[in-house]
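Q: Mind looking over this structure? Questions follow.
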Amino acid sequence: MKTTIDINNDWRKVAAAIYKKPVDSKILGQVELDVTELEEYVAAKRKEGVKVTLTHIFTMAASRALRFEVPELNAYVSRGKIIQRKQVDAMVSLLMNGSEMGSVRVNNADQLTIEEFTALVSEGIKNARKGELDRTTDMKSRVAGIPWPFRVWVLRILKFFTITWGVSLRKLGLTTESFGSFIVSNIGTLGLDIGFPALMPISNVSFVLIIGAVVKKPWVVNDEIKIRKILTLGAALDHRVCDGSHGGRLFHYIKYISKHPQLLEGKP
């Protein structure tokens with residue numbers, strides 16, 4: 001007996017309305033990281049009762065990078081100008097029931113300790129899976145219920161006001177800050193080593209960070225080849241906001257934090 005799969009869920013309906021052929025400029029990049037010691041750190045913290053994951057660590061690293069290393073990335077385009085955001089907010093994508101995608105937003109993520117950040121993400125996941133939708137997710141469900149082709153027109157109008165003109169539609173749950181400063185997605189949990197994300201046009205984020213799977217590879221350590229645990233990070237960056245040098249500084253800071261995760265235990 002074949003299982004019926006709903007390929008026309010809410011997200012697919014909304015995605016079909018907001019995406020077009022890839023004609024917009026963006027920068028793609030990736031970096032491989034040795035996370036052998038980092039995974040040992042994660043295991044030790046979990047024994048202490050802090051249910052931290054690599055997703056938490058890399059999201060926090062990116063958040064602090066926007067504060068200390070590359071604040072230019074904490075910005076968006078509105079009416080032809082680059083607008084600096086007032087705070088660093090992270091949006092973490094997560095897999096809900098079946099193939100439905102959800103998200104958890106953490107405000108002022110750069111100012112939190114690893115314990116605080118982990119607790120907030122865990123609480124957000126529980127609420128999302130219980131059906132307690134945030135305003136952005138609720139808006140997605142309402143747009144998905146609009147018949148085609150009116151759905152496309154509605155999304156274009158919403159994008160024009162919120163993204164092009166920078167007008168906040170707070171009653172609809174849409175503002176220039178609705179999706180935070182950046183989005184993180186861990187595709188490694190889906191069995192994918194690496195991937196390059198799309199810059200969702202209506203999100204207004206400057207970059208999307210992708211966390212791939214951890215795999216064992218031969219790696220050079222102190223001029224010796226050893227078997228290490230390697231993870232690949234990928235990113236798509238809005239070329240209107242940044243250049244390749246900004247992406248390099250972002251990855252450089254993330255690499256630094258991956259070697260010194262204890263820095264996330266205290267306030268910055």
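Just so it is clear, none of the values below were taken in a lab; they were calculated from the coordinates. Everything quoted here is computed from the prediction, not taken from an experiment. When we count neighbours, we look across all protein chains shown, and the Cβ atoms used for this are built from the backbone with ideal geometry, even at glycine.
Q: Would you mind checking the tilt of helix 150-159 against the longest principal axis of the Cα atoms of the chain, expressed as 0 to 90 degrees and rounded to 10?
A: Long axis of 150-159 versus the principal axis of the chain: about 60 degrees.
Q: Another question, if that's okay. Can you work out D for the chain in µm² s⁻¹ from Stokes-Einstein, where Rh is the Kirkwood radius over C-alpha pairs, the temperature is 25 °C and the viscosity is 0.890 mPa s? Please list the in-between numbers first.
A: Working: Rh = 19.5 Å.
This corresponds to a translational diffusion coefficient of 126 µm²/s.
Q: Also: Among 212-222, 193-203, 227-237, how do they line up by average Cβ neighbours within 10 Å per residue, starting with the highest? Don't skip to the end; give the middle numbers.
A: Numbers: 212-222: 12.9, 193-203: 16.6, 227-237: 20.1.
Final packing ranking: 227-237, 193-203, 212-222.
Q: With a ≥ b ≥ c the root eigenvalues of the C-alpha gyration tensor of region 147-235, is it rounded (a/c under 1.5), prolate (a/b larger than b/c) or oblate?
A: Details: a/c = 4.40, a/b = 2.88, b/c = 1.52.
In terms of gyration-tensor shape, prolate.
Q: Which angle between 0 and 90 degrees, to the nearest 10, do you get for helix 114-129 versus the longest principal axis of the chain when only C-alpha atoms count?
A: Roughly 40 degrees, rounded to the nearest 10.
Q: On to the next question. Measure nothing but the geometry: give the 0 to 90° angle between the long axis through the Cα atoms of 54-68 and the longest principal axis through the Cα atoms of the chain, rounded to 10°.
A: 80
Q: Please give the peptides 110-119, 38-47 ranked by average Cβ packing (other Cβ atoms within 10 Å per residue), highest first, as a rough proxy for protection. Write down the numbers at each step before the final one.
A: Working: 110-119: 18.2, 38-47: 14.5.
Descending packing order for the listed peptides: 110-119, 38-47.
Q: Taking only Cα atoms and a 10 Å spring cutoff, compute GNM fluctuations for the chain and point out the largest among R240, R151, R79.
A: Looking only at R240, R151, R79, the largest GNM fluctuation is found for R79.
Q: Taking Cα pairs under 8 Å and at least six residues apart, what relative contact order does the chain come out at, in percent? Each step should come with its number before you reach the end.
A: On the way: 463 pairs, mean separation 76.8, N = 268.
So the answer I get is 29 percent.
Q: For region 119-268, what does the alpha-carbon gyration tensor say about shape, rounded, prolate or oblate, given a ≥ b ≥ c as the root eigenvalues, a/c under 1.5 as rounded, and a/b over b/c as prolate?
A: Working: a/c = 2.13, a/b = 1.90, b/c = 1.12.
Since a/c reaches 1.5 and a/b is larger than b/c, the shape of region 119-268 is classed as prolate.
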